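Please treat every number below as a calculation from the coordinates, not as lab data. Keep in mind that what you see is a predicted model, and the values were worked out from it rather than measured. Please note: Cβ atoms are built from the backbone with ideal geometry, for glycine as well, and neighbour counts cover all protein chains shown.
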Amino acid sequence: MSTVPTQVTAELFNYLIARTTPEDAFLKELREAAIAAALPAIWISPEQAVFMHILLQISGAKRVLEIGTLGGYSAVAMAQALGPDGHIDTLELEPRHVAFAREWIERGGFTTNIHVHQGAALDTLASLAAGPTYDAVFIDADKGNYAAYLHQTLDMVRPGGLIMVDNAFAFGRILEDQTTTDDVWAIRAFNDLMAREQRVMSLIVPIADGLWVGVKQG
Ligand SMILES: C[S@@+](CC[C@H](N)C(=O)[O-])C[C@H]1O[C@@H](n2cnc3c(N)ncnc32)[C@H](O)[C@@H]1O
């Protein structure tokens, strides 16, 4: 049996946002600089950053793998949750995004905690695969490769590790049955794949554009 949840109207959403821990001051500064630098405004939302921070903190994660750095907003948000001995490997293709992220990671004092790897994520993943396992992974890059990213990273995360994948709602278009883009089709296929994946206990959390949250079994 399933129960239809309360619909989150704009009014209810404003109510819950007003009661969510406010955006960290440094993250706000980074976000505003990213807007001023005309980076694509596709980073996680402040409330998603709070949610991911809570998940990482309660799981005691220390090593995180991120696919899709952009300007470093989510990487810094996660590093804040890991504490001073945390480590994040974050993967980014675009040199301009890498340069911005590195600058802000340095400004925030996270250079020893966050390592930005420039290049196509699948190539970088292959080079990191032989290293120590991760406590958590966050997939948030090119949607057409989501299935490959899951396949590759599942072997790199320890049993009991946290799996987070962004944009499960495909920019709000997941249920559209009219013409949709390749990215929407890719996310549909990925969502179905994730739902069948027996190595992960998971669900889509209706926050921001839908966040897959799972725990690797075994
Ligand atoms: C949605 S943004 C990441 C946002 C970031 N996680 C945040 O919330 O602050 C996706 C990023 O993935 C990068 N990207 C796209 N294709 C990639 C690839 N094949 N390898 C690595 N990064 C890629 C894009 O350049 C973009 O910066």
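Some points to look at:
- Here the chain is treated as an ellipsoid with the same Cα gyration tensor; its semi-axes, largest first and in whole Å, are 25, 22, 18.
- Residues of the range 191-218 with amide N under 20 Å of a point placed 7 Å along Cα→Cβ from Arg19: 205-208
- Alpha carbon centroid spacing (whole Å) that separates the range 200-216 from the range 143-175: 9
- Computed lengthening from Asp192 to Ile54, 0.36 nm per intervening residue step minus Cα-Cα distance: 47.0 nm
- Other residues with beta-carbon under 14 Å from the beta-carbon of Pro95 carry, at +1 per Lys or Arg and -1 per Asp or Glu, a net charge of -1.
- The range 11-104 shape via C-alpha gyration tensor axes, a/c threshold 1.5: oblate
- Spin-label model distance (nm) - Met201 vs Arg158, 7 Å beyond Cα toward Cβ: 1.8
- Dipole magnitude for the chain: computed about the Cα centre from +1 point charges on Lys and Arg Cβ and -1 point charges on Asp and Glu Cβ, it is near 460 debye.
- In terms of other Cβ atoms within 10 Å, Val116, Val215 run from fewest to most in the order Val215, Val116.
- Taking a Cβ cut-off of under 14 Å around Lys28, the surrounding Lys, Arg, Asp and Glu residues balance to a net charge of -3, with basic ones at +1 and acidic ones at -1.
- The chain: most fluctuating residue of Gly172, Gly86, Gly160 per GNM, C-alpha cutoff 10 Å: Gly172
- Overall form of the range 42-160 per C-alpha gyration tensor (a/c, 1.5; a/b vs b/c): rounded
- Residue with peak Gaussian network fluctuation, the chain [Cα springs, cutoff 10 Å], from Leu91, Leu175, Leu12: Leu12
- Note on the chain: GNM, Cα springs under 10 Å; of Asn145, Asn113, Asn14, the largest mean-square fluctuation is that of Asn14.
- The Cβ shell under 15 Å around Glu47 holds other residues with a net charge of -1, Lys and Arg each +1, Asp and Glu each -1.
- For the chain, share of DSSP beta bridges that run antiparallel, in % to the nearest 5: 35
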